[in-house]
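Each remark here refers to the structure printed beneath this line.
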Amino acid sequence: GNSVTQMEGPVTLSEEAFLTINCTYTATGYPSLFWYVQYPGEGLQLLLKATKADDKGSNKGFEATYRKETTSFHLEKGSVQVSDSAVYFCALSSGGSNYKLTFGKGTLLTVNP
Amino acid sequence: NAGVTQTPKFQVLKTGQSMTLQCAQDMNHNSMYWYRQDPGMGLRLIYYSASEGTTDKGEVPNGYNVSRLNKREFSLRLESAAPSQTSVYFCASSVQGEISLHFGNGTRLTVT
């Protein structure tokens, strides 16, 4: 079946540091890939997505590239801010007529001033 | 501009009690979902409704029932709560065929 593996946290960075959160997946066919973010006390919000190989998703300074050859979708940001502190989830869709997401376990990011 | 609204926000139950978690969306979405979030486990799909009038089991449906009351509302029922159902429950919705989900803010349930 489908599965998503992302690096375990927590990750603690200083403001303006470079961020990478690794994500690899196992899936049949050609899934779509997502990063969701969850701020404290809130539900998940879509951060970015990529629907086919070599696509790059980007939003709010975050980027991730769909790498089919390495089955990866690593999240990066060049300069993090305190406001980026949150839990980040990598996910993939199973495709077909019902688009159900398979999530990774989440990575807690804390950015210190 | 509410999006997905879940009630209640917090709930404490004793083992064996029943309750219904409510979810409503105002975005005219066809598909709705219930997930549970547990530490170190990510989110796991309990049930989903691809469109009004249909419901299907997800990854962890045991101990739960759902009702798609109309296009807006999708409720999750625990008939006899167990401590293993202590979790944060999220409802989500999407346009049918669209793969991006919109989440509510969650219900934190504790079963003692």
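The values are calculated or read from the model by the stated rules, or taken from the named source; none is laboratory data. The structure presented is a predicted model; accordingly, all values stated were derived computationally and were not measured. Quick reminder, even Gly has a Cβ in these numbers, built from the backbone with ideal geometry, and neighbours come from all protein chains shown.
Give the residues of segment B:65-92 that are under 10 Å from the mean Cα position of the chain (by Cα) and surrounded by 16 or more Cβ atoms within 10 Å (Cβ to Cβ), sorted by residue number. Once the filter is applied, which keeps residues that are under 10 Å from the mean Cα position of the chain (by Cα) and surrounded by 16 or more Cβ atoms within 10 Å (Cβ to Cβ), segment B:65-92 yields B:VAL66, B:PHE74, B:SER75, B:LEU76, B:VAL88, B:TYR89, B:PHE90, B:CYS91, B:ALA92. What residue, among those in segment B:68-101 that are among the acidic types (Asp, Glu) and away from chain A (no Cβ under 14 Å), is farthest from B:MET41 (Cα to Cα)? Ranking the qualifying residues of segment B:68-101, first place goes to B:GLU73. Restricting attention to segment A:1-34, the residues that are closer than 20 Å to A:PRO113 by Cβ and part of a strand (DSSP E or B) add up to 5. When A:LEU109 is tested against (1) more than 29 Å from B:LYS9 (Cβ to Cβ); (2) part of a strand (DSSP E or B); (3) away from every other protein chain (no Cβ under 13 Å), only condition (1) is not met.
Only residues that are of a type in the set (Asp, Glu) and buried (at least 20 other Cβ atoms within 10 Å of the Cβ) were counted across segment A:40-86, and they come to 1. The set of residues in segment B:41-54 being within 12 Å of B:PHE74 (Cα to Cα) and surrounded by fewer than 18 Cβ atoms within 10 Å (Cβ to Cβ) consists of B:SER51, B:GLU52, B:GLY53, B:THR54. For A:THR28, only one of the following conditions fails: (1) more than 14 Å from chain B (Cβ to nearest Cβ); (2) at pLDDT 95 or above. What is its number? Against the list (1) more than 14 Å from chain B (Cβ to nearest Cβ); (2) at pLDDT 95 or above, A:THR28 comes up short only on (2). Looking across segment B:1-21, the residues that are within 14 Å of another protein chain (Cβ to nearest Cβ) and either acidic (Asp, Glu) or assigned to a strand (DSSP E or B) (or both) come down to B:VAL4, B:THR5, B:GLN6, B:THR7, B:PHE10, B:LEU21.
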